[in-house]
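Enquirer: One structure is given below, represented as structure tokens, and several questions about it will come after.
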Amino acid sequence: MLRMEIALILVLGFVAYIYYSAERTQTALHRTFSVLLAAALVHLVFDALTLYTVNHLDTVPRLLNDALHRVFVGTMVLVVFLFYQYIAILVEEETGKPRRLDIAARVFLAAAEVGVLVLPVHYAQTPLGNYSDGIHADVCYVSVAFYLLLCVGLLAGNWKSIHAKKRFAIGAALGIELSVSLLQGLHPTWLISGMGITLMTLAFYLTLENPDILRSELTEQKMSMLYLKSQVNPHFLYNTLDTIRIQAQLNGDEKVAQLLMRLVSFFRHSVKVDRSMVTLDEELELIEAYLDLMCVRYPKLKCSVDVAPELYEAQVPNFILQPLVENSLLHGLKNRGYCGELHVAAEKKGECLTLLVEDSGSGFAEGKKQKIDDMLRHYVTWEPKLTGNSIGVLNVQKRIKLLCGKAYGLSYEENELGGVTARITLPWRQGVSE
């Protein structure tokens, strides 16, 4: 049995090495898995130690044996709590519902850890092997049962709102731990609890936290962004060139030069596909060039950008404002003959950066906002869109979630005086763009 524990430590140690050495966005979900992985490794080490000491009761001092078993049980309670925490965060990100069971889960954790420290440790000696039993060992079984019950409740209560791949990962992990716990309970001398912890961890790693899977998702999103950029409305280019031609006839070369400069600036900034993150200043240069050209096409259109200079170095996902600005023009101001206002702004609140695209257009058609909200809320279950009216909205949401974390993203609200405001919430980051 000790050989199996050593093998489990080596397997999970290798997984930990790959996981910790991979570059990833530090979201709450990933941070929880990082702590879970470390706690599981510590638990396996003490599992191996207690496996040896419990079968050498005559040579290992009772005080040392008890201390090792208390750490073993305490780390197991912590690991199953972290499994619950990981699943709870995942479900919250998938559904948008707040975690309502966290207080109960934390109170139980504190009570169980106190029990681990103060309850007496007892050992059963049998011809098949020794093991710890009694009320101290029962803390393990009760803790596993409690947290598995919470996880099953989360999974069952939000089944339809969770992505199929994540439902499978959670269900497989819970099934594995339940099966191992039942076998352990029926055959106490088997001492296979470490196997259950390892297999649960691997189930999450292989399906949800594998760096290769995350990289492939990033590649998929980058391809979506490439396609999005390649699909900048060709009519915009043709109409702008026609506007330049007309201006050449009416105004002379200076105006033509200015328009050409803005057009070149727009396309120069729009092709920076090799970087997933850029500075807000670079993103605004693209937007200002685009708006300048649109204001020439539509003289009744009033556009403004209001961003404090101290925000210019903020890091933002590449090409997230232009699709939203274009949506405001095509789906809001177009119905009013492009007569109205479009305002772009940014503000820092605590550790968050908020970007706003506000228009005074016709607003949402009846039922449209509900559909947009539903798409943004359940973006995971929607395939990346390459055609249709919501191409920019969905791709922007997916890239923000992937690059910045599930806690951030895009939302829409209707203005009191008419029109729509697109609101992007990002983490506050500064530095050189990637």
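The values are calculated or read from the model by the stated rules, or taken from the named source; none is laboratory data. Quick caveat, the model's predicted, so the values are computed rather than measured. Neighbour counts run over all protein chains shown; Cβ positions are idealised from the backbone, glycine included. Surface accessibility is based on the protein's heavy atoms, side chains included, excluding ligands, DNA and RNA. Shrake-Rupley method; radii C 1.70, N 1.55, O 1.52, S 1.80 Å.
Enquirer: Just to confirm, what accessible area per residue do you get for segment 124-213 at 1.4 Å probe, in whole Å²?
Expert: Ligands and nucleic acids excluded, the result is 45 Å² per residue.
Enquirer: In a GNM of the chain with a 10 Å cut-off on Cα contacts, which of 322, 85, 247 has the highest mean-square fluctuation?
Expert: 247
Enquirer: Pop a pseudo-label 7 angstrom from the Cα along the beta-carbon direction at both residue 351 and residue 111 and give the gap in nm to one decimal.
Expert: In this crude spin-label approximation the distance works out to 3.1 nm.
Enquirer: By DSSP, what percent of the beta bridges with both residues in the chain are antiparallel, rounded to the nearest 5?
Expert: Here the antiparallel bridges make up roughly 85 percent for the chain.
Enquirer: Among 133, 306, what's the order by accessible area (1.4 angstrom probe), most exposed first?
Expert: 306, 133
Enquirer: Residues with amide H under 5 Å of residue 409's amide H, sequence separation 5 or more or different chain, H placed in the peptide plane at 1.01 Å from N; which?
Expert: Sorted by chain and number, the residues that satisfy this are 425.
Enquirer: Using the structure shown, select from 349/369; 369/398; 348/368; 302/401; 166/369 the pairs with a Cα to Cα distance greater than 21 angstrom.
Expert: 349/369; 348/368; 302/401; 166/369
Enquirer: Cα gyration tensor of segment 291-392, axes a ≥ b ≥ c as square roots of the eigenvalues: rounded (a/c below 1.5), prolate (a/b > b/c) or oblate?
Expert: Oblate shape, in that a/c is at least 1.5 and b/c is the bigger or equal ratio.
Enquirer: Highest GNM mean-square fluctuation, the chain, Cα pairs closer than 10 Å: which of 302, 371, 348?
Expert: Judging by the Gaussian network model, the answer is 371.
Enquirer: In Å and whole numbers, how far do the C-alpha atoms of the chain stretch along each principal axis, longest first?
Expert: 102, 39, 35
Enquirer: Oh, and also: Comparing 365, 16, 203, which has the greatest mean-square fluctuation in the GNM of the chain with Cα pairs linked when under 10 Å apart?
Expert: 365
Enquirer: Restricting attention to segment 269-352, which chymotrypsin sites (Phe, Trp or Tyr not before Pro) occupy a DSSP loop and are surrounded by at most 11 other Cβ atoms within 10 Å?
Expert: none
Enquirer: Hey, what number do you get for the chain at 222 nm if only DSSP H runs of n ≥ 4 count, each worth -39500 (n - 2.57), divided across all residues, to the nearest 500?
Expert: Calculated at 222 nm, the ellipticity per residue is -20500 deg cm²/dmol.
Enquirer: Work out, step by step, the length gained on full extension between residue 365 and residue 381: first 0.36 nm times the residue separation, then minus their alpha carbon distance; give nm to one decimal.
Expert: Gain on stretching residue 365 to residue 381: 3.4 nm.
Enquirer: Given H placed on each backbone N at 1.01 Å, which residues far from residue 305 in sequence or on other chains put an amide H within less than 5 Å of it?
Expert: Hits under the 5 Å cutoff: 344.
Enquirer: Then there's this: What part of the accessible area of the chain, given as a whole %, is carbon or sulfur when the probe is 1.4 angstrom?
Expert: Here carbon and sulfur together make up 61 percent of the probe-accessible area.
Enquirer: Right, another one. With r defined as the distance between the Cβ atoms of residue 99 and residue 336 and R0 fixed at 45 Å, what FRET efficiency is calculated, to the nearest 0.05?
Expert: Calculated transfer efficiency: 0.55.
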